[in-house]
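The values are calculated or read from the model by the stated rules, or taken from the named source; none is laboratory data. Everything numeric here is computed off the predicted structure, so don't read it as measured data. No Cβ is skipped: glycine too gets one built from the backbone with ideal geometry, and neighbour counts run over all protein chains shown. Calculation scope for accessible area: heavy atoms of the full protein, side chains included, ligands and nucleic acids excluded. Shrake-Rupley method; radii C 1.70, N 1.55, O 1.52, S 1.80 Å.
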Amino acid sequence: MDKVSNRRVLLGVTGGIAAYKVAELARLLVRNNVEVRVAMTAPATHFVTPATFQALTGRPVATDLWDASFPNHMAHIELSRGADAILVAPASADFLAKLAHGLADDLLSTTCLARNCPLPVAPAMNREMWDNPATQRNVALLRDDGVAILGPAAGDQACGEVGMGRMVEPEDLLEAVLAFLAPKRLAGRRVLVTAGPTFEAIDTVRGITNLSSGKMGYAIAEAAAAQGAEVTLVSGPTALAPPLEAHFVYVTSAAEMANAVKAHVADADYFFGVAAVADYTPVAASSRKLKKSPEAMELKLKPTEDILAYVASLPGGPFCVGFAAESEDIARYAQEKRARKKIPMIVANLVQHAVGQDDNEVTIYDDAGAHALARAPKSRIAREIVAHAARLREQPAQANVTALKQVS
Ligand code: C5P
């Protein structure tokens, strides 16, 4: 995981049982070199004591709007000006309501109102509280105000019920916070990503698919969002949770994926075709379940549309990055594929190194040649791929100099 130095986060803790998990988040942030100050609401101190956070962060915990130890007695200004981001976790329904309406009746709400930095919040509450139209109205207002809503997730709740409202896990919140603190190379850019396999129906229950897990594509979407891009992720069927920070479009077949890409490509600046799109689909899917018979069965297939080649052929289209999974001779096949699809950059890997795994080992091919990346988790590889594409598109001259240095 990238280390973020000299970045400061104000961790706002409000009243909810998930506060105990935020103690772990504070520890993870500190371990990633983030300077953490904690401000707690009065209800939060019923769940976890300030002493816990003080011990984990090495800094006093602020709870009082009238704390005389702050310069000019202005704790709310001092705390908000010192922060690169304020993360409220857990964010209770009551606190979201206060934020949405600009209330400022305690230290944390006043600090949030006085902020001049991003405000991500991680809601956590009972599922009925989350589903309540009042909460949903407040969340919509906050989104319109530019507040990033991280989660909530679905699952078991402390009250014994099951549903939407669990706080996003500390490890995922850590990733989201580090993303807020990272330099935003793609601010204002739109990025379209395809990921996962496709499923080509043979009949109502059977189909043709492949072993793509979607992990690489989801990691690319997350890395682009972390760089400030507005991301749309078009995904085939996977077992992964949609990334917190991307507009998510779920598709099944190659044709649906092509349609979704066409609907979103118009204003895209980058297109990452990571999906393992089926090359063939049944000429006609049966509308009822096919019956077994002792006879041999022939399935007639027709080629699918090449989505990447289509996007690459659009006049004034996005900067296109393709992916090539090969079983052998990747250098030759990847460069041939790059030329055939007329794309500036392709990322190649051996199938046996990548499919379904958390790590990957890839080589990037572009006009300047080959750039091998060391084996690493897909999240790190994704960050490097996105950074490489951004260098090529945003500063082509500089990128070529860097690239030549790497190959020589
Ligand atoms: O032609 P091949 O499938 O080997 O190329 C792989 C690249 O092309 C990947 O980036 C994949 O997402 C893209 N592709 C596509 N549409 C297809 C087939 C592949 O976008 N129908």
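Output yes when any residue across segment 64-77 is more than 26 Å from the chain's Cα centre (by Cα) and crowded, with 22+ Cβ neighbours inside 10 Å, and no when none is. Yes, that holds for at least one residue.
With modelled with pLDDT of 95 or more, under 15 Å from the mean Cα position of the chain (by Cα) and at negative phi as the only criterion, which of 139, 121, 191, 205 stands out?
Only one candidate passes the filter, namely 191.
One line per residue, one yes/no per condition, for (1) of a type in the set (A, V, I, L, M); (2) closer than 23 Å to residue 178 by Cβ; (3) part of a strand (DSSP E or B):
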| position | (1), (2), (3) |
| --- | --- |
| 9 | yes, yes, yes |
| 21 | no, yes, no |
| 26 | yes, yes, no |
| 29 | yes, yes, no |
| 35 | no, yes, yes |
| 52 | no, yes, no |
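Of all the numbered requirements in (1) part of a loop (DSSP other than H, G, I, E, B); (2) open to solvent by 20 Å² or more (accessible area, probe 1.4 Å); (3) modelled with pLDDT under 95, residue 222 misses one, and that requirement is (1). Quickly run through segment 184-208 and pick out the residues that are open to solvent by 20 Å² or more (accessible area, probe 1.4 Å) and in a strand (DSSP E or B). Within segment 184-208, 190, 201, 207, 208 qualify. If only residues of segment 5-26 that are open to solvent by 30 Å² or more (accessible area, probe 1.4 Å) and over 22 Å from the mean Cα position of the chain (by Cα) are counted, the one that is farthest from residue 105 (Cα to Cα) is 6. Suppose we keep only residues that are buried (at least 19 other Cβ atoms within 10 Å of the Cβ) and assigned to a loop (DSSP other than H, G, I, E, B) within segment 229-247. Which one would you say is nearest to the ligand (Cβ to nearest atom)? Looking at the filtered set, the residue picked out is 236. Listed here are the strands (runs of 3 or more DSSP E) enclosed by segment 248-319 that have at least 2 residues being surrounded by 11 or more Cβ atoms within 10 Å (Cβ to Cβ) and more than 8 Å from the ligand (Cβ to nearest atom): 270-273, 280-282.
Quick check: anything in segment 54-61 open to solvent by less than 20 Å² (accessible area, probe 1.4 Å) and not hydroxyl-bearing (Ser, Thr, Tyr)? The answer is no, given that none of the residues of segment 54-61 is open to solvent by less than 20 Å² (accessible area, probe 1.4 Å) and not hydroxyl-bearing (Ser, Thr, Tyr).
One residue is enough: does segment 291-300 have a residue meeting the conditions of a type outside the set (A, V, I, L, M, F, W, C) and in contact (Cβ under 8 Å) with a residue 12 or more places away in the chain? There is at least one residue in segment 291-300 that is of a type outside the set (A, V, I, L, M, F, W, C) and in contact (Cβ under 8 Å) with a residue 12 or more places away in the chain. Within segment 320-350, the set of residues being within 11 Å of the ligand (Cβ to nearest atom), outside any strand (DSSP E or B) and over 26 Å from residue 266 (Cβ atoms) comprises 333, 334, 336. For the structure I just gave you, tell me whether residue 167 is over 30 Å from residue 324 (Cβ atoms), at pLDDT 95 or above and either in contact with a Leu (Cβ under 7 Å, 6 or more places away or on another chain) or not β-branched (Val, Ile, Thr) (or both). So residue 167 fits the description; yes.
One line per residue, one yes/no per condition, for (1) polar (S, T, N, Q); (2) within 18 Å of residue 193 (Cβ to Cβ); (3) more than 23 Å from the chain's Cα centre (by Cα):
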position: 312; (1), (2), (3): no, yes, yes
position: 335; (1), (2), (3): yes, no, yes
position: 338; (1), (2), (3): no, no, yes
position: 341; (1), (2), (3): no, yes, yes
position: 347; (1), (2), (3): no, yes, no
position: 350; (1), (2), (3): no, no, yes
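Where strands (runs of 3 or more DSSP E) fall entirely within segment 78-183, those with at least 3 residues that are in contact with a helix residue (DSSP H, G or I) (Cβ under 8 Å, 6 or more places away or on another chain) and not aromatic (Phe, Trp, Tyr) are at 85-91, 120-123, 162-166. Please go through segment 342-364 and give me each residue that is modelled with pLDDT of 95 or more, open to solvent by less than 40 Å² (accessible area, probe 1.4 Å) and closer than 20 Å to residue 306 by Cα, ordered by number. Once the filter is applied, which keeps residues that are modelled with pLDDT of 95 or more, open to solvent by less than 40 Å² (accessible area, probe 1.4 Å) and closer than 20 Å to residue 306 by Cα, segment 342-364 yields 343, 345, 346, 347, 348.
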